[in-house]
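Engineer: Before we start, here is the structure in question, set down as structure tokens.
The values are calculated or read from the model by the stated rules, or taken from the named source; none is laboratory data. Remember, predicted model here, so these are calculated numbers, not experimental data. Here the Cβ positions follow ideal geometry from the backbone for every residue, glycine too, while neighbour counts run over all protein chains shown.
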């Protein structure tokens, strides 16, 4: 279901597909996030087909699951709901305060934007194996992970083996 949630600073409507977008999962997990997204949209002018940015909201808006890891961390890989690739998790780490949210927008055939994904925290390279993987993805995710415990995980997808070849 397509639902208009706001407009960019330059007047482009932004909608959410409540059935299939990764954003829908994050918005269900964090009830404050939608209001932050609407506020951030009003502050940005979008011009490209795909927009991937983090926005400093000027105050602590929540906790980020992203943590830098060391050899002391217990690491596990698992697939989150509505995702086909693995995520790296640190079992012994906790979320940390942040003032950032990230927005991922994609222009549709009507020149509106769909909110593809959003989360509390900074923009980072996509996970290895993702269709938007960058040259930095593997290096970044060798030393970073999400703190375990707040994400919905696909049952039986957990592994301790590096899943990205």
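Yes or no, residue by residue, for (1) within 27 Å of residue 3 (Cβ to Cβ); (2) at pLDDT 95 or above; (3) touching a helix residue (DSSP H, G or I) at 6+ places or on another chain (Cβ under 7 Å):
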residue	(1), (2), (3)
65	yes, no, no
78	no, yes, no
96	no, no, no
101	yes, yes, yes
109	yes, no, no
117	yes, no, yes
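Engineer: Taking region 1-40 as the region of interest, how many residues are assigned to a strand (DSSP E or B), more than 22 Å from residue 58 (Cα to Cα) and either more than 19 Å from the chain's Cα centre (by Cα) or modelled with pLDDT under 95 (or both)?
Structural biologist: Summing the residues that are assigned to a strand (DSSP E or B), more than 22 Å from residue 58 (Cα to Cα) and either more than 19 Å from the chain's Cα centre (by Cα) or modelled with pLDDT under 95 (or both) in region 1-40 gives 7.
Engineer: Could you pull out the residue among 111, 92, 85 that is part of a loop (DSSP other than H, G, I, E, B) and under 14 Å from the mean Cα position of the chain (by Cα)? Don't jump to the end; show me each part of the working.
Structural biologist: On the way: 111 fails: under 14 Å from the mean Cα position of the chain (by Cα); 92 fails: under 14 Å from the mean Cα position of the chain (by Cα).
Exactly one residue qualifies, and that residue is 85.
Engineer: Of all residues being farther than 21 Å from residue 100 by Cα and without any contact (Cβ under 8 Å) to a residue 24 or more places away in the chain in region 137-155, which is surrounded by the fewest Cβ atoms within 10 Å (Cβ to Cβ)? Just the residue, please.
Structural biologist: From region 137-155, those farther than 21 Å from residue 100 by Cα are 138-139, 142, 152-155; that's our starting set.
Applying the additional criterion that residues be without any contact (Cβ under 8 Å) to a residue 24 or more places away in the chain yields 139, 142, 155.
Working: 139: 12, 142: 14, 155: 8.
Among them, the one singled out is 155.
Engineer: Looking at region 7-59, which of its residues are on the phi > 0 side of the Ramachandran plot and free of Cβ contacts under 8 Å to residues at least 40 places away in the same chain?
Structural biologist: 11
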